[in-house]
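A short worksheet on the structure shown next.
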Amino acid sequence: MHHHGYTWLGSAHELLKDGPRRPLHPEFRSSKVMPLECAHWLLKPASFIVGTWTDPGQAAEWFGRQSRDFASSFASERERDGARLAEVAGRAVERVMSGEDVVGGWYLTGQRFLSVSVIACSPHRMRPEIPCPQRT
């Protein structure tokens, strides 16, 4: 079991266009916008992967670091709270250890959205039929 990391930072308006976020849509594979279903990240090109980990602690640390790096831009004051971010990152370790995905999404100032995902692979517990992306 390992996990892949994915990020997407873009216009919050792109989230409203759910067509490119669905695997059957012609733009799905080329669109970097987060898919509607977490496991569908694994259907995107392997070049979209920003990290791969077999160690749950390293995967959770990456997730926490990504959220902390953007915290000052979170639109919600509550979401910017450092203790809250630490709690979210702490729970991420347990989830990764049990083979689950860890997904975070935050609205940012300037009508932007940040998605940070750590997706289980080989196999994915909810979608075992989806193969692990292969780098070419």
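For the chain, rounded, prolate or oblate, judged on the Cα gyration tensor with a ≥ b ≥ c (square roots of eigenvalues), a/c < 1.5 rounded, else prolate if a/b > b/c? Mind showing how you got there, number by number?
On the way: a/c = 2.13, a/b = 1.12, b/c = 1.90.
Here the chain falls in the oblate category.
Which one, F74, G57, L24, projects farthest toward the positive side of the charge dipole computed for the chain from Cβ point charges (K/R +1, D/E -1)?
After comparing all options, I get L24.
Does the range 27-104 come out rounded, prolate or oblate, given a ≥ b ≥ c as the square roots of the eigenvalues of its C-alpha gyration tensor, rounded meaning a/c under 1.5 and, failing that, prolate meaning a/b above b/c?
Working: a/c = 2.18, a/b = 1.33, b/c = 1.64.
The shape class here is oblate.
Taking all protein chains as present, what is the carbon and sulfur share of the accessible area of the chain, in % to the nearest whole number, probe 1.4 Å? Kindly include the intermediate steps, with their values, before the conclusion.
Details: 3860 of 7440 Å².
C and S fraction of accessible area: 52 percent.
Rounded to the nearest 0.05, what FRET efficiency is calculated for E129 and T52 with R0 set to 22 Å and r the Cβ-Cβ distance?
Details: r = 20 Å, r/R0 = 0.92.
Efficiency computed from Cβ-Cβ geometry: 0.60.
Residues of the range 96-136 with amide nitrogen under 15 Å from the 7 Å Cα-to-Cβ point of H13?
Hits in the range 96-136 for H13 at 15 Å: 110-113.
In the range 113-136, whose amide N lies under 13 Å from the spot 7 Å out along Cα-to-Cβ of R29? List them in ranges.
134, 136
Hey, what's the range 50-111 come to in accessible area per residue, 1.4 Å probe, Å²? Please report the intermediate quantities before stating the final value.
Values: 3530 Å² over 62 residues.
Result: 57 Å² per residue.
So how strong a dipole does the range 1-94 carry about its Cα centre when Lys and Arg Cβ are +1 and Asp and Glu Cβ are -1, to the nearest 20 debye? Mind dumping the intermediate values first?
Details: 12 positive and 12 negative charges, 54 e Å.
Dipole magnitude for the range 1-94 comes out near 260 debye.
How high is the relative contact order of the chain? Use alpha-carbon pairs under 8 Å, at least six apart in sequence, and give a whole percent.
Working: 236 pairs, mean separation 48.8, N = 136.
This gives 36 percent for the chain.
At 222 nm, what helix-only mean residue ellipticity would the chain give, in deg cm²/dmol to the nearest 500, using -39500 (n - 2.57) for each DSSP H run of four or more? Don't jump to the answer; show the numbers that get you there.
Numbers: 3 runs with 35 residues, N = 136.
Calculated from helices alone, the mean residue ellipticity at 222 nm is -8000 deg cm²/dmol.
The values are calculated or read from the model by the stated rules, or taken from the named source; none is laboratory data. What you see is a predicted model; the values in this text were computed from it and never measured. Don't worry about glycine lacking a Cβ; one is built from the backbone with ideal geometry, like all the others, and counts go over all protein chains shown. Just the protein is used for accessible areas: all its heavy atoms, side chains included, with ligands, DNA and RNA removed. Shrake-Rupley method; radii C 1.70, N 1.55, O 1.52, S 1.80 Å.
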